[in-house]
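Structure first, then comments.
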Amino acid sequence: MKRIDLEVSGVRLSAQTAGSGKPVIFLHGAGGAMHPLPYYDALAGAYALMLPDHPGFGYSDNPDWIRTVDDIAMLYLDALEALDLRGVHLIGYSLGGWIAAELAIRDRSRIASLTLIDPAGVRVKGLAIADNFIWTPEEAAYALYYDRAQAERVLAWVPTDDEADIVVANRFAAAKLAWQPRWYDPNLPKWLHRARVPAHVIWGAHDNLFPPAYADAWCELLPDARRLVVEEAGHAPHVEQCARVAAATLAFLREHDA
């Protein structure tokens, strides 16, 4: 992955890029995109992958005027225009899925498809969302991953001083966006009908943060959506079941190449 900096609407966005071909943009979750993943390699093997750090996360700027997920969505729409990207396959994980949905309801003209992996953003009465802001690191790891060995690998990671600073910054940025209301926008469901692009909703069958039943809710709200529930996976199925999720993702993207 090569790191580049983009200047968009006065904001420096840092992004990792790899591969070639038609554009795929992956919008990361609340933990950022610090670690290389085989899933990214699979995408970059077939497409031109861009993985930006959201404002306030990673190496991107953190301007005061970025206060909501809507603000980030609008900034990314400016980025698509500035780069003149068309036929973009937009993939969003967790917080990134929420951001991706907000992009699609505002302007879908440059988006070829929407892949949402365990997205935040929607709240369904009777389907409780866990409060991960109060979890300890150990509670978070064991709750987010189905595979206990994967959770232990996450807990065993020792960050450098710079990486530790990024971890803290990411947590503050996530709290700013999703603290109140917790992990959703009450207005999003009524506008998801505007996301009139093919959508693929992927969910871990053992997600302890957002219940798997949310996959059904998203598919009911989106006008053209299919779902994939991934067994033996928690909140990050593209990590725990990479081969299956990558194959399904690439098949969907190829089906909808502009």
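Figures for the structure shown
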read-out: Enumeration of residues in the stretch 1-39 that are under 14 Å from the mean Cα position of the chain (by Cα) and among the β-branched types (Val, Ile, Thr); value: VAL24, ILE25
read-out: Residues of the stretch 49-74 that turn out to be in contact with a Gly (Cβ under 6 Å, 6 or more places away or on another chain) and either surrounded by 18 or more Cβ atoms within 10 Å (Cβ to Cβ) or charged (D, E, K, R) (or both), as a count; value: 3
read-out: The stretch 149-167, residues that are over 25 Å from PRO55 (Cβ atoms), touching a helix residue (DSSP H, G or I) at 6+ places or on another chain (Cβ under 7 Å) and not hydrophobic (A, V, I, L, M, F, W, C); value: GLN150
read-out: For ILE117: the one exception among (1) loosely packed, with under 15 Cβ neighbours inside 10 Å; (2) β-branched (Val, Ile, Thr); (3) within 16 Å of HIS235 (Cα to Cα); value: (1)
read-out: ARG108 of a type in the set (D, E, K, R) and without any contact (Cβ under 8 Å) to a residue 60 or more places away in the chain; value: no
read-out: Strands (runs of 3 or more DSSP E) wholly inside the stretch 1-65 that include at least 1 residues being under 19 Å from GLY97 (Cβ atoms); value: 11-18, 23-27, 48-52
read-out: Members of the stretch 223-258 that are part of a loop (DSSP other than H, G, I, E, B) and touching a residue at least 40 places away in the same chain (Cβ under 8 Å); value: GLU232, ALA233, GLY234, HIS235, ALA236, HIS256, ASP257, ALA258
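Only the coordinates and a few stated rules stand behind these numbers; no lab work does. Note that this is a predicted model, so its numbers are computed, not measured. Please note: Cβ atoms are built from the backbone with ideal geometry, for glycine as well, and neighbour counts cover all protein chains shown.
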